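Participant: Next up is a structure, given as structure tokens.
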Amino acid sequence: MSPALPTAKTKKQALGPYGRVSGVVNELDDRLGLAKGGRVFLDKIFPDHWSFMLGEIALYSFVVLIATGIFLALYFVPSANEIIYHGSYAPLRGQRVSEAFNSTVNISFGVRGGLLVRQMHHWAADIFVASIVVHMARIFFTGAFRKPRELNWVIGTLMLILAILEGFIGYSLPDDLISGTGLRIGYSIVESIPFVGSYLGTFLWGGQFPGTGVIIPRFYIIHVLIIPLVLFGLLGAHLGLLVRQKHTQFKGPGRTETNVVGSPMFPTFMAKTTGFLFMVVGATALLGAFAQINPIWQFGSYEASKISYAVQPDWYMGWLDGALRIMPAWEFAGWGHTVPLEVFLPAVIFPGLIFNIAFVWPALERRMTGDNELHNLLDRPRDRPKRTAAGAAMLALLFVLFAASSTDVLANYFRLSLNFVLWSFRILTFVVPVVVAFVTYGICKEMQGVQGIGKRKRAVIVHRSVTGEYTTTPTPPRPGDGPEEMEPEPVPERIDISPLAAPVLTASRESSPTGARQVSR
Amino acid sequence: MSEDNHEPSRTKVPMPIATLSDPHMGDAARNPQRAEGIIAVILVVAIVFIAGFGAAYWQNWNPWIIGGTLGLGLFLLGFGLTAWGKYLMPQGPFVEERHVLASSPEERDSMAAALVERSTVVVKRRKLLGGLFAIGAGIFGIVALFPLLRSLGPVPGTSLDTSDWRKGRVLVDSSGRSVTRDTLVVGGIMTVYPAGLQNTDQGQAVDQTVLIRVQDSNLVTAKGRETWAPDGYVAYSKVCTHLGCPVGLYEQQLELLVCPCHQSMFNVRNGAIPQFGPAPRPLPQLPLYFDTDGILKAQAGFDQAVGPGFFERTTTQENGT
């Protein structure tokens, strides 16, 4: 190399043929060596199926939760100390409230945008858990949890449990009458555990309920730091495994166990998913703006001897509340001890059982079917009638229990006897899942026998001849028919869609002159 | 190395081209001006709303205006971007081959070999050291667990078995007024606490008691409770035996106490035996008497622990007498 001074021209040439971007890529690649992997990442293929969006809703509502949560943390005071309310909401003035409640009311009425952000936070939490559940159902019914993705299924289930816990704890923080009652019930559930329950209760609460004012600050740090941190770690592992193992995909033309077919990361998927992030945030903001949620100033600060009527917890706790309601009063007492089975079974054993079934399902199915192969192609639910029936039965069971959490409201609304409603739910809890399982199984079997099911039907024109004979002719293809028929091909090295660009020269394995980014490995 | 990378002779990478007539472009891309125009309008509306959000926030208008502008602005912004991605960018099917995740059998064996051989040759040779370390770590685990939990709060002891009701304790309402013979009319109900504890957490949560006046002036709710309800004043713990909610509803006609949480119903006349719902036990009854000044007091404490069941709970506890 000659020691010539660099000129503007040589500097520009040194950057490479793509100007400043080349420069940035060069500098980063010198240090991190990311050009090769980076290019592969830009070409990463995302299958085009709407059901792959459900997990994105969960991810983006988590983003909303973090963002709104940071805002709320700036104003929330996690303290059970009692003070006199002097804020702007007249009906509460002069009342003794906890600092936690006081600060939550002040966020709602005293902080600019505070009510909106609080409601967005609450709505996002409900959406977060809901989207995880629906996403999980998609994974289950299509068999996406099968080998090699069992670990990601377990991580996802863990995240669902943490999301529910996080939701319950967050809901308890404002220390209003409704959430305080929920906390009282939570304490009693902890207390119901044999051998260790009363110890766990007094340890956590710093004494017998309501304890010594430590539960709010403890729940606060669990809510804003500990569980989010664990969720972050699990989320990283979840997405890391997703990238490493690549997406599953439905069967279709050109789709095999050894490839992924869809749209590239950049720019197509990036545009769609970033847009979707904004849509989720926007939808949450609209809910926060127009749909009131948890108006704690109407409930008042928690007092242990006060109670409200016909209130339900957030939706994801409903199945547990329903289970508690329909459980008969079977307390075990003997040998100087009491085991409150009427609480311990529905509120501790039952959810433990449900989540453990979820955890072991991939292993269970592997054992039952003897199928130990790697699977990247998804099942259609109808092709696995037993699994589909089992999943539908589980969802039916949880839904019946969810509905059972409003026995009193249903009895009032339909003017029925509470006893009748209660017994109906006790019976439905056992009958509905069985019926749903058999009906689902039957429907799946039925669908398997239908020719061309799941394929988009091409419309036909029916002609009747003068002699009464019928003939049909197919109509021309409709929009949307086309891409389904196309043979998948590698991501083109160059994507130029300006109308002035050279005419049709699409990428194909043969026509790529460089040979780069071809089917490899 | 970097010198080589920065060779000025590098030229652009020749690549095949996807064009508008490429089948990977959706139908909207056949008329890109129109599609672009529609998306542009959406984005402009989004910009207007987002600017409106700024104004609404600055001016501190109603929360629903702040949220409505923010929500519509972001939603439309996202909608426009998604539409751009969906209608004006090349769609699948493009294909990418999967890596084979699994290593070769040799690589697997080599890892297993390292694990097995090194542990047998190096680690297991010093069984004493390994054993001692495992014992130390194990003991630390156990030792650390219990004191850590213990430092969170006190052990329950007998605190769950006792309330603050004692012989002679005056019953007061939440503002500290005591109860006389004509405080309640027949069918009336109120919540009472031990005098002095009406505003404490303990008084509110544990000692809370519901006082009802029934028609029957010498109501005997159970054998041995002949004197517990003077002048029809009968008192039960307000803490539900199911999950500890306050038993806050009173069905006056049927003389039933109802817990609003899970609809357990307790019959006031027979010692609050649960008549319906998941509650397993009667609400403990507080024995009452009127002193010579006509002030209502407790004859004794509750004869058992109040509230939901727990493992150490026995059915034969006596306290506060």
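The values are calculated or read from the model by the stated rules, or taken from the named source; none is laboratory data. Since this is a predicted model, take the numbers as computed values, not measurements. Heads up, the Cβs are rebuilt from the backbone with ideal geometry, glycines too, and the neighbour counts pull from every protein chain shown.
Participant: Which numbered condition trips up residue A:299, out of (1) among the hydrophobic types (A, V, I, L, M, F, W, C); (2) touching a Leu at 6+ places or on another chain (Cβ under 8 Å); (3) within 10 Å of chain B (Cβ to nearest Cβ)?
Facilitator: Among (1) among the hydrophobic types (A, V, I, L, M, F, W, C); (2) touching a Leu at 6+ places or on another chain (Cβ under 8 Å); (3) within 10 Å of chain B (Cβ to nearest Cβ), residue A:299 violates only (3).
Participant: Looking at this structure, is residue B:290 facing chain A (nearest Cβ under 9 Å) and surrounded by fewer than 23 Cβ atoms within 10 Å (Cβ to Cβ)?
Facilitator: Working: facing chain A (nearest Cβ under 9 Å): no; surrounded by fewer than 23 Cβ atoms within 10 Å (Cβ to Cβ): yes.
It is false that residue B:290 is facing chain A (nearest Cβ under 9 Å) and surrounded by fewer than 23 Cβ atoms within 10 Å (Cβ to Cβ).
Participant: Test each condition in (1) surrounded by 11 or more Cβ atoms within 10 Å (Cβ to Cβ); (2) acidic (Asp, Glu); (3) away from chain A (no Cβ under 14 Å) for residue B:117 and report the one that comes out false.
Facilitator: (1)
Participant: Looking only at the range A:370-384, decide whether some residue is aliphatic (A, V, I, L, M), touching a residue at least 24 places away in the same chain (Cβ under 8 Å), part of a helix (DSSP H, G or I) and within 27 Å of residue A:51 (Cα to Cα).
Facilitator: Here is the first cut: in the range A:370-384, the residues aliphatic (A, V, I, L, M) are A:374, A:377-378.
Adding the requirement that they be touching a residue at least 24 places away in the same chain (Cβ under 8 Å) leaves A:374, A:377-378.
Next, only the ones that are part of a helix (DSSP H, G or I) stay: none.
So far as the range A:370-384 goes, no, none of its residues is aliphatic (A, V, I, L, M), touching a residue at least 24 places away in the same chain (Cβ under 8 Å), part of a helix (DSSP H, G or I) and within 27 Å of residue A:51 (Cα to Cα).
Participant: For the range A:163-193, give me the residue count where each residue is assigned to a loop (DSSP other than H, G, I, E, B) and closer than 19 Å to residue A:304 by Cβ. Before you say what the answer is, go through the steps one by one.
Facilitator: Pass one, the range A:163-193, residues assigned to a loop (DSSP other than H, G, I, E, B): A:173-175, A:192-193.
Pick out the ones that are also closer than 19 Å to residue A:304 by Cβ and you get A:173-175, A:192.
Counting residues in the range A:163-193 that are assigned to a loop (DSSP other than H, G, I, E, B) and closer than 19 Å to residue A:304 by Cβ gives 4.
Participant: A further question follows. Being in contact with a strand residue (DSSP E or B) (Cβ under 7 Å, 6 or more places away or on another chain), modelled with pLDDT under 85 and at the interface with chain A (Cβ under 9 Å from one of its Cβ atoms), is that true of even one residue in the range B:29-44? Don't jump to the end; show me each part of the working.
Facilitator: Of all residues in the range B:29-44, those in contact with a strand residue (DSSP E or B) (Cβ under 7 Å, 6 or more places away or on another chain) come to none.
Looking for residues that are in contact with a strand residue (DSSP E or B) (Cβ under 7 Å, 6 or more places away or on another chain), modelled with pLDDT under 85 and at the interface with chain A (Cβ under 9 Å from one of its Cβ atoms), one finds none in the range B:29-44, hence no.
Participant: Also, quick follow-up: Please verify whether residue B:74 is under 20 Å from residue B:40 (Cβ atoms), surrounded by 23 or more Cβ atoms within 10 Å (Cβ to Cβ), modelled with pLDDT of 90 or more and within 43 Å of the chain's Cα centre (by Cα), treating the condition exactly as stated.
Facilitator: On the way: under 20 Å from residue B:40 (Cβ atoms): yes; surrounded by 23 or more Cβ atoms within 10 Å (Cβ to Cβ): yes; modelled with pLDDT of 90 or more: yes; within 43 Å of the chain's Cα centre (by Cα): yes.
For residue B:74, the condition - under 20 Å from residue B:40 (Cβ atoms), surrounded by 23 or more Cβ atoms within 10 Å (Cβ to Cβ), modelled with pLDDT of 90 or more and within 43 Å of the chain's Cα centre (by Cα) - is met.
Participant: Of B:200, B:162, which residue is surrounded by 14 or more Cβ atoms within 10 Å (Cβ to Cβ), closer than 24 Å to residue B:267 by Cα and of a type in the set (Ser, Thr, Tyr)?
Facilitator: Numbers: B:200 fails: closer than 24 Å to residue B:267 by Cα.
After ruling out the rest, the residue left standing is B:162.
Participant: I would also like to ask the following. Counting only residues that are of a type in the set (S, T, N, Q) and crowded, with 16+ Cβ neighbours inside 10 Å, which one in the range A:357-398 is nearest to residue A:252 (Cα to Cα)? Don't jump to the end; show me each part of the working.
Facilitator: Going residue by residue through the range A:357-398, those that are of a type in the set (S, T, N, Q) are A:369, A:372, A:376, A:388.
From what's left, crowded, with 16+ Cβ neighbours inside 10 Å: A:376, A:388.
Working: A:376: 13, A:388: 21 Å.
The selected residue is A:376.
Participant: Which members of the range A:425-454 meet the condition of being within 18 Å of residue A:402 (Cβ to Cβ) and in contact (Cβ under 8 Å) with a residue 60 or more places away in the chain?
Facilitator: Result: A:425, A:426, A:429.
Participant: If a residue must be modelled with pLDDT of 70 or more and under 32 Å from the mean Cα position of the chain (by Cα), how many such residues does the range A:461-488 contain?
Facilitator: The number of residues fulfilling the criteria is 1.
Participant: What is the one condition in (1) at the interface with another protein chain (Cβ under 7 Å from one of its Cβ atoms); (2) crowded, with 20+ Cβ neighbours inside 10 Å; (3) farther than 18 Å from residue A:185 by Cα that residue A:280 does not satisfy?
Facilitator: The one condition residue A:280 does not meet is (1).
Participant: Checking residue A:233 against (1) in a helix (DSSP H, G or I); (2) facing another protein chain (nearest Cβ under 10 Å); (3) under 30 Å from residue B:98 (Cα atoms): exactly one of these is not met. Which one?
Facilitator: That leaves (2) as the condition not met.
Participant: Residue B:245 passes all but one of (1) facing chain A (nearest Cβ under 10 Å); (2) touching a residue at least 24 places away in the same chain (Cβ under 8 Å); (3) crowded, with 20+ Cβ neighbours inside 10 Å; which number fails?
Facilitator: Condition (2) is where residue B:245 drops out.
Participant: If we scan the range A:165-184, do we find a residue that is surrounded by fewer than 21 Cβ atoms within 10 Å (Cβ to Cβ), more than 26 Å from residue A:376 (Cα to Cα) and within 17 Å of the chain's Cα centre (by Cα)?
Facilitator: Among the residues of the range A:165-184, at least one is surrounded by fewer than 21 Cβ atoms within 10 Å (Cβ to Cβ), more than 26 Å from residue A:376 (Cα to Cα) and within 17 Å of the chain's Cα centre (by Cα), which makes the answer yes.
Participant: Here is a follow-up. Sort out for me the helices (runs of 4 or more DSSP H) sitting completely within the range A:253-363 that have 3 or more residues that are more than 27 Å from the chain's Cα centre (by Cα) and not polar (S, T, N, Q). Walk me through it before giving the result.
Facilitator: Working: elements: A:270-290, A:296-299, A:318-326, A:341-344.
In the range A:253-363, A:341-344 are the helices (runs of 4 or more DSSP H) which contain 3 or more residues that are more than 27 Å from the chain's Cα centre (by Cα) and not polar (S, T, N, Q).
Participant: Of the residues A:130, A:144, A:137, which single one is assigned by TED's automatic domain parsing to the domain that holds residue A:306, among the small types (Gly, Ala, Ser) and in a loop (DSSP other than H, G, I, E, B)?
Facilitator: On the way: A:130 fails: in a loop (DSSP other than H, G, I, E, B); A:137 fails: in a loop (DSSP other than H, G, I, E, B).
The conditions single out A:144.
Participant: Looking at A:253, A:264, A:210 in this structure, which one is surrounded by fewer than 17 Cβ atoms within 10 Å (Cβ to Cβ), in contact with a helix residue (DSSP H, G or I) (Cβ under 8 Å, 6 or more places away or on another chain) and either within 7 Å of chain B (Cβ to nearest Cβ) or in contact (Cβ under 8 Å) with a residue 60 or more places away in the chain (or both)?
Facilitator: Details: A:264 fails: surrounded by fewer than 17 Cβ atoms within 10 Å (Cβ to Cβ); A:210 fails: surrounded by fewer than 17 Cβ atoms within 10 Å (Cβ to Cβ).
Step by step, each of A:253, A:264, A:210 is checked, and only A:253 is surrounded by fewer than 17 Cβ atoms within 10 Å (Cβ to Cβ), in contact with a helix residue (DSSP H, G or I) (Cβ under 8 Å, 6 or more places away or on another chain) and either within 7 Å of chain B (Cβ to nearest Cβ) or in contact (Cβ under 8 Å) with a residue 60 or more places away in the chain (or both).
Participant: For a quick check of your reading of the model, give me the residue pairs whose first member lies in the range B:168-197 and is more than 15 Å from residue B:236 (Cβ to Cβ), whose second is β-branched (Val, Ile, Thr) and part of a loop (DSSP other than H, G, I, E, B), with beta-carbon atoms closer than 7 Å and at least 6 apart or on different chains.
Facilitator: So the pair list comes out as B:170/B:295; B:178/B:295; B:180/B:295; B:186/B:214.
Participant: Check B:257, B:283 and return the single one that is closer than 29 Å to residue B:217 by Cβ and part of a loop (DSSP other than H, G, I, E, B). Give the steps one after another, and end with the answer.
Facilitator: Working: B:257 fails: part of a loop (DSSP other than H, G, I, E, B).
Answer to the selection: B:283.
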